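See structure below.
Each reported figure results from applying straightforward, stated rules to the coordinates on display, with no laboratory input. Computed from a predicted model, the values in this text were never measured in an experiment. All Cβ positions, even for glycine, are placed from backbone atoms using ideal geometry, and neighbour counts span all protein chains on display.
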């Protein structure tokens with residue numbers, strides 16, 4: 001490494017954040033500028049550890065020590081070349097990835113890990129500012145045409161890789177703008193949308209065609225697309241939300257989290273939301289049901305709406321603040337995480353069971369009945385909970401947001417007249433990303449179930465390689481797993 005003693009000399013340090021009382025008045029990104037010298041020091045903390053577990057911690061297999069070394073030596077061209085060899089969109093993962101690579105960092109065994117996510121974001125932003133992110137059209141075209149259904153991170157990654165291999169790629173998106181989850185599922189204060197647009201301009205210049213407002217299976221029969229192209233990659237995501245079927249669920253003022261977040265992203269983009277369908281937290285007692293990232297995004301958005309109060313409840317017990325003996329390094333730790341949205345103001349509650357939504361005389365939700373629960377290991381050996389007697393109570397609630405995950409993708413219109421096999425969870429069943437229909441492939445949440453953006457990008461890349469090999473009998477594209485590379489390639 002460029003500075004073998006760096007991990008002994010420098011402590012972990014990250015960019016500062018704008019004051020929470022100020023930033024809840026806008027939807028701009030949260031972090032302030034960080035001095036180049038400090039980023040250089042953070043890169044210097046990367047050890048000569050021998051076996052970089054960060055590689056396996058990253059779903060993309062990013063070559064982290066090498067790009068850290070390039071950053072330390074201020075060789076930004078080398079750094080972006082290394083980073084882009086495994087990651088099509090470091091500007092996304094550098095902002096919204098939970099950084100499992102950092103959890104696997106060897107330095108993290110007994111010291112704070114290397115600030116890999118910050119370094120990744122710095123590399124790509126430096127590269128854009130220095131003109132190092134260039135339009136790279138394929139040197140030749142194969143004559144093969146591939147359709148990608150869905151323009152989220154999996155679909156964009158698949159399209160980028162397939163275009164790189166020389167295939168003609170067209171991406172279909174049912175929404176009015178390209179980007180999928182990146183566009184409408186993640187608030188602007190975490191990912192401003194010009195970051196997406198900047199990348200899309202490059203992809204279009206490289207020859208990829210995007211078609212928004214086209215719902216495959218509705219506007220165009222899926223079997224028609226299959227017959228018009230050489231291969232299809234389904235990347236529609238896990239979009240069917242998990243519901244909460246308790247008494248009073250039909251009261252007015254109870255919404256799925258993604259409906260709430262999508263509307264706000266549209267407002268930030270300049271769209272007008274009709275009053276009769278508008279979901280607003282302004283002046284309301286908001287309860288977010290679900291303790292994950294989507295719930296956190298609802299908290300941050302509700303605070304920006306100027307909610308009267310924001311409460312986030314979670315069925316599971318409160319996680320520990322540090323790793324337990326049952327959760328050792330280099331696993332991604334199941335610990336308490338406080339997001340920037342939580343810092344802005346929220347009452348967080350754990351081990352809470354929702355019992356009933358209570359409506360007023362006009363049918364609008366006014367309270368949520370909850371009860372405390374206690375978790376224990378049952379006779380089956382699995383965790384079970386029991387209600388704590390006497391703990392039942394009502395919380396004021398004018399707006400309830402359900403952020404309890406997704407069950408599977410919307411496959412009914414896709415599988416109509418096209419018998420694509422599904423697994424037991426309702427996801428598309430594949431063998432090396434290939435469905436039971438030879439020229440149809442699937443990737444991302446639609447295939448593996450709800451997961452991370454970084455996993456979606458990794459899935460899109462691997463599916464593209466499978467498609468390339470199907471079309472050309474061999475593939476020129478990189479493989480995440482070296483065992484997938486044939487000796488004769």
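Convex hull over the alpha-carbon atoms of region 329-368: what's its volume per residue in Å³? Enclosed volume per residue, from the Cα hull, is 123 Å³.
Packing here is the average count of other Cβ atoms within 10 Å per residue, and on that basis the peptides 134-147, 314-327, 73-86, highest first, run 73-86, 134-147, 314-327. When the helices of the chain are scored as -39500 (n - 2.57) per DSSP H run of n ≥ 4 and the total is divided over every residue, the value at 222 nm lands at -8500 deg cm²/dmol.
Average 1/r across all pairs of distinct alpha carbons in region 243-404, invert it, and you get the Kirkwood radius: 17.0 Å. Between region 210-224 and region 20-74, the C-alpha centres lie 39 angstrom from each other. Gyration tensor over the Cα atoms of region 356-457: the corresponding equivalent ellipsoid has semi-axes (square roots of 5 times the eigenvalues, largest first) of 39, 21, 12 Å. With the Kirkwood sum run over all distinct C-alpha pairs, region 363-419 has a hydrodynamic radius of 15.7 Å. Using 0.36 nm per residue and subtracting the Cα-Cα separation, the extra length available between residue 276 and residue 17 on full extension is 89.6 nm. Each DSSP beta bridge with both residues in the chain is either parallel or antiparallel, and the antiparallel ones are about 40%. A straight line joining the Cα centroids of region 271-287 and region 133-153 runs 39 Å. When 58, 101 are arranged by Cβ crowding within 10 Å, least crowded first, meaning fewest neighbours, the order is 58, 101. Our analysis of region 305-350 gives Rg over Rh at 1.08, with the two radii drawn from alpha carbon positions and Rh computed by the Kirkwood formula. A crude spin-label estimate for the pair residue 140 and residue 326, with each label 7 Å from Cα along the Cβ direction, gives 5.7 nm. Its Kirkwood hydrodynamic radius, worked out from the mean inverse distance over all distinct Cα pairs, puts the chain at 24.1 Å.
P(r) for region 6-129, from all Cα pairs and a bin width of 10 Å, is 13, 46, 32, 8, 0 %, short bins first. Based on Cα contacts under 8 Å between residues 6+ apart, the chain shows a relative contact order of 17 percent. Convex hull volume of the Cα atoms of region 255-324, normalised per residue: 104 Å³. Spin-label pair residue 377-residue 419: with each label point 7 Å from Cα along the Cα-Cβ axis, the two points sit 4.6 nm from one another.
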